[in-house]
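Asker: Input: one structure, supplied below.
The values are calculated or read from the model by the stated rules, or taken from the named source; none is laboratory data. Just so it is clear, the model here is predicted, and its values are computed rather than measured. Positions of Cβ are backbone-derived with ideal geometry, glycine not excepted, and every protein chain shown enters the neighbour counts. We work out accessible area using only protein heavy atoms, side chains counted, and drop any ligands, DNA or RNA first. Shrake-Rupley method; radii C 1.70, N 1.55, O 1.52, S 1.80 Å.
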Amino acid sequence: MPSAETMEENWVGHIRRIHHDKDEAAFAELFRHFAPRVKAFLIRSGADAALAEECTQDVMATLWRKAHMFDPSRASVATWIYTIARNRRIDVLRRQRRPEPEDLPWGPEHEPDQADVIAMQQEAERLGQAIAELPQKQRDLLARAFYGELSHSEIAAETGLPLGTIKSRIRLALDRLRHAMG
Amino acid sequence: MTATMGTIRHHLTDETLLAYSAGTLPEAFALVAASHLSLCDECRARLGAFEAVGGATLTSVGTAEMGDASLERTLAMIRGTPGDPDPAPRRSAGTLPIPLSDYVGGDVDAIRWRPVGGGVRQMVLKTGDEATARLLYIPAGEAVPEHTHGGMELTMVLSGAFSDEVDRFGPGDVETADPTIQHQPIAEPGAPCICLAATDSRLRFRSWIPRLLGPIIGI
């Protein structure tokens, strides 16, 4: 059984295979792992089972179409899928537009450094571990915040999670992108 | 003068970024957040950290079984479809960050200002009705009438600068005001101040004249 750490890095490989080879087997593996999680997320956010199933298929199809835009030096695959599912929830369940920041485009010419990618994926893994070790009550609160069960005024930042290092990692990746863009 | 990376001193709060990353921020506030994030890599990185928590939560909390044919159906959706084209770089050449110019329909010269008294002008932007977003034009040296808030107010400076009881706010800076803050922003002399303000309930003006006007001008 591969460690969870290797698993995160593998998912990056899956996205790459989808991007470069249109690899349906890689897509199927990602689907089997993530689709039931996305569906649970959408149900908990207020969708009925049929709507959640339909939206999940949309989310996974989006992942296929946007595979070339995933930047593994800035996010884990789980985080990227989370943001796609969250945006879909805002569209469909909250019926609002989501204003998005200006893009920092990156393409093959800015292929991120492999060491940065591995470091980012390991950070994400560490964060997952830290969350798993939180007391049940705090973990529930976090889940409720991200599953859209708390209003924006009820949400307060959690402490004690290793977010500083992730922030610094992303900051570094952004600096490199800005530099590459001249 | 427009904001440049590194000159921003007042950032989005953790609470705002967390709510934006969770997708629970009303659209008007999300517009301020996206506008600031367009100019501020520091907040962009902090947002990325909060989103990482969202991603980790997705992997650790529960699953719901997908229908038998769901994978086949999704494969049918994607088979033969090309990837989305690379998005055109969305980087503003004007004064307004792109998420904001999307709502205005252009840059500063496309803003349809309406007078609200005292030389102050506004344009209310169309967003979901949980909160209201408006652009404000404050002539150099002039003040926005003193007010308190029933709820939260986020104000981002787009050009010029204002000062209030809290501090000075320049291009790109965001002031986060809660119901306890009573303030009177005054535009700096020399240039008008243009800002984007989002509120989640009607502002309450302190003196009686603007209070009567409040419901009419919608500020």
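Asker: In whole percent, how big is the carbon plus sulfur part of the accessible area of the range A:4-181, probe 1.4 Å, protein atoms only?
Answerer: 49 percent
Asker: Assign one of three labels to the range B:42-101, namely rounded, prolate or oblate, based on the Cα gyration tensor with a ≥ b ≥ c the square roots of its eigenvalues; rounded applies when a/c is under 1.5, prolate when it is not and a/b is larger than b/c, and oblate otherwise. It would help to have the intermediate numbers written out before the result.
Answerer: Numbers: a/c = 3.89, a/b = 1.42, b/c = 2.75.
Judged from the Cα gyration tensor, the range B:42-101 comes out oblate (a/c at least 1.5, b/c at or above a/b).
Asker: With the contact rule set at Cα under 8 Å and sequence spacing of 6 or more, what percent relative contact order holds for chain A? It would help to have the intermediate numbers written out before the result.
Answerer: Values: 139 pairs, mean separation 45.5, N = 182.
Rounded, it is 25 percent for chain A.
Asker: Roughly what percent of Cα-Cα pairs across the protein assembly as shown reach past 31 Å?
Answerer: Numbers: 32117 of 80200 pairs.
In whole percent, the long-distance tail amounts to 40.
Asker: Another one. Please give the per residue accessible area of the range A:4-181, computed with a probe of 1.4 Å over protein heavy atoms only, in Å². Intermediate results must be reported in sequence, preceding the final value.
Answerer: Numbers: 7750 Å² over 178 residues.
Here the per-residue accessible area is 44 Å².
Asker: Chains A and B: buried accessible surface, both sides, probe 1.4 Å, rounded to 100 Å²? Numbers along the way, then the final one.
Answerer: Values: alone 11440 and 12480 Å², together 17430 Å².
Looking at A and B, the buried total is near 6500 Å².
Asker: With point charges of +1 on the Cβ of Lys and Arg and -1 on the Cβ of Asp and Glu, referenced to the Cα centre of the protein assembly as shown, which listed residue (A:Pro36, B:Ile186, B:Leu47) lies farthest in the positive direction of the dipole?
Answerer: Ranked along the dipole, the leading option is B:Ile186.
Asker: Over 10 Å intervals from 0, what percent of Cα-Cα pairs in the range A:4-181 sits in each interval?
Answerer: Values per bin, smallest distances first: 9, 33, 39, 18, 1.
Asker: Go through A:Ala75, B:Leu37, A:His20 and say which Cα lies farthest out towards the positive end of the charge dipole of the protein assembly as shown; charges sit on Cβ, +1 for Lys and Arg, -1 for Asp and Glu.
Answerer: My answer, from the dipole projection, is B:Leu37.
Asker: Could you sort the residues of the range A:129-170 by number and keep only those whose accessible area is reduced by 30 Å² or more in the all-protein-chain setting relative to the chain alone, 1.4 Å probe?
Answerer: The answer is A:Ile131, A:Phe146, A:Tyr147, A:His152, A:Ile155, A:Ala157, A:Leu163, A:Lys167, A:Ile170.
Asker: Now, a different point. Need one number: nm distance between label points at A:Asp175 and A:Asp21, each 7 Å from Cα along Cα→Cβ, rounded to one decimal.
Answerer: 3.6 nm
Asker: Which of rounded, prolate, oblate describes the range B:121-191, given a ≥ b ≥ c as roots of the alpha-carbon gyration tensor eigenvalues and a/c under 1.5 marking rounded, otherwise prolate only if a/b is larger than b/c?
Answerer: On the way: a/c = 1.77, a/b = 1.27, b/c = 1.40.
Verdict is oblate for the range B:121-191.
Asker: Under the rule a/c < 1.5 gives rounded, and otherwise a/b versus b/c splits prolate from oblate, where does the range B:1-146 land using the Cα gyration tensor?
Answerer: Numbers: a/c = 2.21, a/b = 1.91, b/c = 1.16.
Judged from the Cα gyration tensor, the range B:1-146 comes out prolate (a/c at least 1.5, a/b above b/c).
Asker: Run the dipole for the protein assembly as shown about the Cα centre, Lys and Arg Cβ at +1, Asp and Glu Cβ at -1, nothing else charged, and hand back the magnitude in debye, nearest 20. Provide the component values of the computation, followed by the final result.
Answerer: Values: 43 positive and 55 negative charges, 156 e Å.
Computed charge dipole of the protein assembly as shown: roughly 740 debye.
Asker: Dipole size in debye (nearest 20) for the range A:2-155 around its Cα centre, Lys and Arg Cβ +1, Asp and Glu Cβ -1? Intermediate results must be reported in sequence, preceding the final value.
Answerer: Working: 21 positive and 26 negative charges, 157 e Å.
For this selection, approximately 760 debye.
Asker: Using +1 at the C-beta of Lys and Arg and -1 at the C-beta of Asp and Glu, which of A:Met181, B:Ser92, B:Gly150 has the Cα lying farthest in the positive direction of the dipole of the protein assembly as shown?
Answerer: Positive-most Cα among the choices belongs to B:Gly150.
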